[in-house]
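Student: Pasting a structure here, questions to come.
The values are calculated or read from the model by the stated rules, or taken from the named source; none is laboratory data. Just so it is clear, the structure is predicted and the values come from calculations on it, not from any experiment. Every residue, glycine among them, receives a Cβ derived from its backbone with ideal geometry; neighbour counts consider all protein chains shown. Only protein heavy atoms, including side chains, enter the accessible area calculation; ligands, DNA and RNA are left aside. Shrake-Rupley method; radii C 1.70, N 1.55, O 1.52, S 1.80 Å.
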Amino acid sequence: KDALERIFSAFPKSAVIEAREILKKFFSSPIFKKLQRARRVLREVDFTMNGRRGLIHGKLDALFEDEKGEWHILDYKTAVRDEASSQKSAYDLQIGIYALAASKVLGIPVRSGIVYYLKNGKEAVTSFPGGEEAAPHFDAIEKQVCDLQQEILDFFNERLSYA
């Protein structure tokens, strides 16, 4: 409570009240319990990955190894959402890219990605295959990213040709 008061002393009282509620909900959530039992928790893991059509930079909010030895990505969002809206907003693609980066750049086989919505305490979980099924799955994510990069390049090239 004291730490929260110090950190948020410059914020309006309503923001402090909201932060307290968010933290209280998070500390009683299943994902927080998983983090407490985790063998290892890595926070704010930066990565740069060389995509076929450009570099991809990102930061994983958390990457943790559970008590069984399986790795998971945790991404916090301040939005109020659920699993269906997570897919609609492309957070599932973001988690896929994070898992691809963890696999390719860090050599860590990720089994799931979790988007945790801080304001309503909901989770959206994306599972990733292990073993022989992992490579084709991540190849498909990499192709999706490549196609998206190409769309962006085409968009800007088209705009530049009109200038």
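Student: Yes or no: residue 56 surrounded by 11 or more Cβ atoms within 10 Å (Cβ to Cβ) and assigned to a strand (DSSP E or B)?
Tutor: Taking the combined requirement at face value, the residue satisfies it.
Student: Something else: Take the residues of the stretch 81-97 that are hydrophobic (A, V, I, L, M, F, W, C) and modelled with pLDDT of 85 or more: which is nearest to the chain's Cα centre (by Cα)?
Tutor: Among them, the one singled out is 95.
Student: Something else now. Can you tell me which of (1) aromatic (Phe, Trp, Tyr); (2) surrounded by fewer than 16 Cβ atoms within 10 Å (Cβ to Cβ); (3) within 27 Å of residue 134 (Cα to Cα) is the one residue 11 doesn't meet?
Tutor: (3)
Residues checked against (1) open to solvent by 40 Å² or more (accessible area, probe 1.4 Å); (2) at positive phi; (3) in contact with a Gly (Cβ under 8 Å, 6 or more places away or on another chain):
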{"residue": "95", "(1), (2), (3)": "no, no, yes"}
{"residue": "112", "(1), (2), (3)": "no, no, no"}
{"residue": "125", "(1), (2), (3)": "yes, no, yes"}
{"residue": "128", "(1), (2), (3)": "no, no, yes"}
{"residue": "139", "(1), (2), (3)": "yes, no, no"}
{"residue": "146", "(1), (2), (3)": "no, no, yes"}
{"residue": "149", "(1), (2), (3)": "no, no, yes"}
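Student: Scan the helices (runs of 4 or more DSSP H) fully inside the stretch 1-45 and keep the ones with 3 or more residues being without any contact (Cβ under 8 Å) to a residue 40 or more places away in the chain and under 17 Å from residue 123 (Cα atoms).
Tutor: By residue number, 13-27, 30-37.
Student: If you go through the stretch 34-44 one residue at a time, do you hit one that is within 30 Å of residue 153 (Cβ to Cβ) and either among the hydroxyl-bearing types (Ser, Thr, Tyr) or in contact with a strand residue (DSSP E or B) (Cβ under 8 Å, 6 or more places away or on another chain) (or both)?
Tutor: Yes, some residue in the stretch 34-44 is within 30 Å of residue 153 (Cβ to Cβ) and either among the hydroxyl-bearing types (Ser, Thr, Tyr) or in contact with a strand residue (DSSP E or B) (Cβ under 8 Å, 6 or more places away or on another chain) (or both).
Student: Going through the stretch 1-50 one residue at a time, which ones are within 21 Å of residue 74 (Cβ to Cβ) and of a type in the set (Phe, Trp, Tyr)?
Tutor: Once the filter is applied, which keeps residues that are within 21 Å of residue 74 (Cβ to Cβ) and of a type in the set (Phe, Trp, Tyr), the stretch 1-50 yields 26, 27, 32, 47.
Student: In this structure, is residue 61 of a type outside the set (A, V, I, L, M, F, W, C), open to solvent by less than 70 Å² (accessible area, probe 1.4 Å) and assigned to a strand (DSSP E or B)?
Tutor: Taking the combined requirement at face value, the residue satisfies it.
Student: Shifting gears a bit: For residues in the stretch 17-49 being among the β-branched types (Val, Ile, Thr) and touching a Leu at 6+ places or on another chain (Cβ under 7 Å), which is least open to solvent (accessible area, probe 1.4 Å)?
Tutor: 31
Student: Residues of the stretch 37-80 being at positive phi and at pLDDT 90 or above, which ones?
Tutor: 44, 69
Student: Among the residues of the stretch 64-83 satisfying the criterion of being open to solvent by 70 Å² or more (accessible area, probe 1.4 Å) and either in contact with a helix residue (DSSP H, G or I) (Cβ under 7 Å, 6 or more places away or on another chain) or β-branched (Val, Ile, Thr) (or both), which is nearest to residue 32 (Cα to Cα)?
Tutor: Within the stretch 64-83, the match that is nearest to residue 32 (Cα to Cα) is 67.
Student: Also: Which residue pairs have Cβ atoms closer than 9 Å, lie 6 or more positions apart in sequence or on different chains, and pair a first residue in the stretch 133-148 that is in contact (Cβ under 8 Å) with a residue 12 or more places away in the chain with a second residue that is open to solvent by less than 70 Å² (accessible area, probe 1.4 Å) and among the aromatic types (Phe, Trp, Tyr)?
Tutor: Within 9 Å, the pairs are 134/128; 138/128.
Student: A follow-up question, please. From the list 143, 77, which one is out of contact with any Leu (no Cβ under 8 Å at 6 or more places or on another chain) and not aliphatic (A, V, I, L, M)?
Tutor: 143
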